[in-house]
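Okay, so here's the structure we're looking at.
Just so it is clear, none of the values below were taken in a lab; they were calculated from the coordinates. Treat the numbers as computed from the prediction; the structure is a model and nothing was measured. In this analysis, Cβ positions are derived from the backbone assuming ideal geometry, glycine residues included, and neighbour counts consider all displayed protein chains.
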Amino acid sequence: MSTKTVVAARASWSSTVREGETLTITDLHGNQAVDFLVYDAHDTSVRYSAPDTIHAQGGIFLTTGSVLMSNEHTALMTVTADGVGRHDTVGGACSKESNTLRYGHHTYAQHACVDNFLAEGARYGLGKRDLVSNINWYMNVPVEKDGTLGIVDGLSAPGLSLTLRAERDVLVLVSNCPQINNPCNGFEPTAVRMTIDGADAA
């Protein structure tokens, strides 16, 4: 069984993905960042941990074979296929506050990923305290030797996708990034597609 949902530009999405099922995220138009959080579906205090994930794989970029680790150092999801080859773990989610700091006070009213995460998380009793450092699928954040990082043109293209397998029942929150002040979405956010396939189809 397969369920497909097109997530509009700037919109949020969430779903439970059962153990053994796969979630495929397709960049329909290219160069669209997808901000992503994942929790244990039965105990949301167990959630994605960037430090545990980076430590476990020995690097900051995610691709095929990367395991998304929890704050208890247990596996939540595994990247089983990746058409792009590198995804960000350190750039974080845009917010009204960070937009104002980076781009000026005129951006404060602009919609941001933190708004999406809060709205979507509220459906499951999650609040601001439950937001942690997130993954940015399809976002290109190179890190220089001196530790500085930037947000530059993406590596994706129309139709490219990545697939994750759930290692336990998980709750996934997504913000289809609304950012228009840097190149992470090519300055024009677009739609993406979420496809959940049953364990027998994985």
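Summarise the long-distance tail of P(r) for the range 163-202 by giving the % of C-alpha pairs beyond 12 Å.
Tail of P(r) above 12 Å: 69 percent of Cα pairs.
May I ask you to list the chymotrypsin sites (Phe, Trp or Tyr not before Pro) in the range 68-174 that are in a DSSP loop and have at most 16 other Cβ atoms within 10 Å of their Cβ?
Filter output for the range 68-174: 108.
Given only helices, namely DSSP H runs of n ≥ 4 each adding -39500 (n - 2.57), what is the per-residue ellipticity at 222 nm of the chain, to the nearest 500 deg cm²/dmol?
So the calculated ellipticity at 222 nm is -3500 deg cm²/dmol.
Restrict the search to the range 114-183; then list the trypsin sites (Lys or Arg not before Pro) that DSSP places in a loop and that have at most 13 other Cβ atoms within 10 Å of their Cβ.
Of the trypsin sites (Lys or Arg not before Pro), the ones in loops of the range 114-183 whose Cβ has at most 13 other Cβ atoms within 10 Å are 145.
Quantify how much of the Cα-Cα distance distribution of the range 70-202 extends past 20 Å, in percent.
Counting every Cα pair in the range 70-202, those more than 20 Å apart make up 53 percent.
I need to check one value: relative contact order of the chain, counting alpha carbon pairs closer than 8 Å and at least 6 residues apart, in percent. Before the final figure, lay out each step's value.
Numbers: 525 pairs, mean separation 90.2, N = 202.
Relative CO of the chain lands at 45 percent.
Calculated FRET efficiency, residue 9 and residue 60, Cβ-Cβ r, R0 22 Å, to nearest 0.05?
On the way: r = 27 Å, r/R0 = 1.24.
E(calc), rounded to 0.05, equals 0.20.
With a 10 Å cut-off between alpha carbons and a GNM built on the chain, which of 83, 20, 59 moves the most?
Per the Cα network of the chain with a 10 Å cutoff, 59 tops the list.
Ignoring GluC sites (Glu not before Pro) that are buried or in helix or strand per DSSP, and keeping those with at most 12 other beta carbon atoms within 10 Å, what is the longest stretch of the chain between them?
For GluC sites (Glu not before Pro) (loop position, at most 12 other Cβ atoms within 10 Å), the longest site-free span of the chain is 20-143.
Let me make sure I get this right: for the range 1-51, a, b and c are the square roots of the gyration tensor eigenvalues over alpha carbons, sorted descending. Under 1.5 in a/c it's rounded, otherwise prolate if a/b > b/c, else oblate. Which is it?
It is oblate, given that a/c is not under 1.5 and a/b is not larger than b/c.
Can you pull out the trypsin sites (Lys or Arg not before Pro) in the range 1-107 whose DSSP state is coil and whose Cβ has at most 15 other Cβ atoms within 10 Å?
Hits after loop and neighbour filter: 18.
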